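FYI, it's all coordinate maths here, none of it is from the lab. Here the structure is a predicted model, which means the values were calculated and not measured. No Cβ is skipped: glycine too gets one built from the backbone with ideal geometry, and neighbour counts run over all protein chains shown.
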Number of protein chains: 2
Amino acid sequence: MKKSYCPIDTFINTIKGKRKGTIILHLFQGTKRYGELVKLMPDISERMMSKQLKELENDGLIIRTVFPEVPPRVEYSLTQLGIDIRPVLKGMYKGGLLFEQSIEGG
Amino acid sequence: MKKSYCPIDTFINTIKGKRKGTIILHLFQGTKRYGELVKLMPDISERMMSKQLKELENDGLIIRTVFPEVPPRVEYSLTQLGIDIRPVLKGMYKGGLLFEQSIEGG
DNA sequence: CAGCATCCGTGAGGATACTG
DNA sequence: CAGTATCCTCACGGATGCTG
């Protein structure tokens, strides 16, 4: 993650990746396994899912925990930073609903 | 603007364009002329500025008013929809600050 | 003053196949 | 199960110049 000209751009650049917002939204429900996230979001390929997850991890928003089991198990959960932006994400969700209403309304 | 799989993606897709967040932030201060916006954001080219402004207009977030004068004058202001998302944008701004702190903190 | 036209490079993201 | 590797496309955005 790189500092931008304005904090709002820092924020946008961090969460604008493909379906990142939805991934975080799902993690608000609690820790999830990789396969669970894939099933929850059938429209994104596994390549994209792992890319986005890795970026979110690098940006300090989520934690990746590997369990040394067979078959392998990997769980994803939010960091404190990820939890902190929950109200913002909720606001964005509501904002998205507003936008969609304004489409339908013409 | 196109409806997405999840409202939060609708929102992100609408404001993820280059410097759109900052443009809206400036318009919270009140109506601004095209040249004012350009001066406020020297790092983005005029081509980009007019592109972003047009997209924001198409998405129903800002209003473009042309004054039939010589020399020409064009003013940009927020629509009700643009005003409605003010708290969200403010939250994103604060979230961006959090992210930047977490960079500096390591 | 407030743009648009044109050209072009880059990288985000899609499709498919393979692996520890 | 949870990824990675490879290849490819196209639209986002940069640079520059022109116009009503």
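Quick notes on this structure:
- On Cα atoms only, tilt of A:46-58 relative to the major axis of chain A in degrees: 80
- Ignoring aspartates and glutamates fewer than eight residues from A:Lys54 along the same chain, the ones with Cα atoms less than 14 angstrom from its Cα are A:Glu46, A:Glu75.
- Prolate/oblate/rounded label for the stretch B:7-105 (Cα gyration tensor, a/c 1.5): prolate
- Placing a pseudo-label 7 Å from each Cα along the Cα-to-Cβ vector at A:Ser77 and A:Asn58 gives an inter-label distance of 2.5 nm.
- Normalising the average separation of contacting C-alpha pairs (under 8 angstrom, six or more residues apart) by the number of residues puts the relative contact order of chain B at 25 percent.
- Label-point spacing for B:Glu69 across the identical copies (point 7 Å from Cα in the Cβ direction), in nm and ascending order: 7.0.
- Sparsely packed loop sites in chain B (the trypsin sites (Lys or Arg not before Pro) outside DSSP H, G, I, E and B with at most 14 other Cβ atoms within 10 Å) comprise B:Lys2, B:Lys3.
- More than 26 angstrom apart: percent of Cα pairs within the protein assembly as shown: 39
- Those chymotrypsin sites (Phe, Trp or Tyr not before Pro) in the stretch B:1-59 that DSSP places in a loop and that have at most 16 other beta carbons within 10 Å: B:Tyr5, B:Phe28
- Chain B: angle of helix B:86-104 to the longest principal axis, Cα-based, in degrees nearest 10: 50
- Annotation: lysines with alpha-carbon distance below 23 angstrom to B:Lys51 (same-chain offsets under eight excluded): A:Lys16, A:Lys18, B:Lys2, B:Lys3, B:Lys16, B:Lys18, B:Lys20, B:Lys32, B:Lys39.
- The stretch A:1-46 versus the stretch B:49-101: alpha-carbon centroid distance in Å: 24
- Sequence-ordered 3J(HN,Hα) estimates for the stretch B:28-39 from the Karplus curve with 6.51, -1.76 and 1.60 and θ = phi - 60° stand at 5, 6, x, 4, 9, 7, 3, x, 5, 4, 4, 5 Hz, glycine and proline given as x.
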